[in-house]
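Right, one structure below, let's go through it.
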Amino acid sequence: MVRQVSYEVAGWGVGQLVLVDDLVAWHELPSSSGTLAGSHPLVTRIRGYFRGCRDGFEDVELDLDWCTPFQRAAVDAMRSIPYGDIATYGEVAALAGHPNAQRAVGSVCASNRFGLFVPCHRVVAAGGIGSYGSLGPGYKERLLELEGVVL
């Protein structure tokens, strides 16, 4: 069963969850616009996160059947970065067992469809913050500031 749940977070906007049989298949971070529909227990946790609750979402089950072995290793490595910490693309590549695959980690981040659940906002470039897809580096900075990260 596929279920779409939209949620609003004050000061951040409207986001969306897509669940397939209670596995998260997609998580769109809140942005400036959208419409609300449905509810889910994860929405309470997401709103809490945006209010400053320390939640790493490590326990959230994700639909990762589409991942290659490398993508799965990179996702697992990113999910192991604790709330409030950061790692470089190179460090994530090494954690994933591929120490020279930092660009490939960047590709995994660029195609990340799990928002907070695969915290690619905690992955930074060796020389600075790095990009953050369509939401931009300013959004990434806001997320890191929310977690108390000082760059």
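Observations
- Residues of the stretch 78-101 classified as without any contact (Cβ under 8 Å) to a residue 24 or more places away in the chain and either part of a helix (DSSP H, G or I) or among the basic types (Lys, Arg) (or both), total: 4
- Qualifying residue in the stretch 117-129 (condition: in contact with a strand residue (DSSP E or B) (Cβ under 6 Å, 6 or more places away or on another chain), of a type in the set (D, E, K, R), outside any loop (DSSP other than H, G, I, E, B) and surrounded by 15 or more Cβ atoms within 10 Å (Cβ to Cβ)): no
- Filter result for the condition that a residue is part of a loop (DSSP other than H, G, I, E, B) and acidic (Asp, Glu), over Glu8, Glu58: Glu58
- Neighbours by Cβ (under 7 Å, 6+ apart or cross-chain): first from the stretch 120-133, closer than 12 Å to Val105 by Cα; second part of a loop (DSSP other than H, G, I, E, B) and modelled with pLDDT of 95 or more: Val124/Ile86
- When we screen Leu144, Leu42 for residues that are surrounded by 17 or more Cβ atoms within 10 Å (Cβ to Cβ) and under 20 Å from Leu17 (Cα atoms), the only hit is Leu42.
- Some residue of the stretch 24-39 being under 22 Å from Pro137 (Cβ atoms), at pLDDT 90 or above and outside any strand (DSSP E or B): no
- Test: residue in the stretch 29-45 that is over 22 Å from Val5 (Cα atoms), touching a residue at least 40 places away in the same chain (Cβ under 8 Å) and in contact with a strand residue (DSSP E or B) (Cβ under 7 Å, 6 or more places away or on another chain): no
- Candidate set: the stretch 64-105, residues that are among the aromatic types (Phe, Trp, Tyr) and buried (at least 17 other Cβ atoms within 10 Å of the Cβ); chosen: the one nearest to Gly127 (Cα to Cα): Tyr89
- Boolean, Leu17 is surrounded by 17 or more Cβ atoms within 10 Å (Cβ to Cβ), among the hydrophobic types (A, V, I, L, M, F, W, C) and touching a His at 6+ places or on another chain (Cβ under 8 Å): yes
The values are calculated or read from the model by the stated rules, or taken from the named source; none is laboratory data. As the structure is a prediction and not an experimental result, all values here were calculated from the model. Don't worry about glycine lacking a Cβ; one is built from the backbone with ideal geometry, like all the others, and counts go over all protein chains shown.
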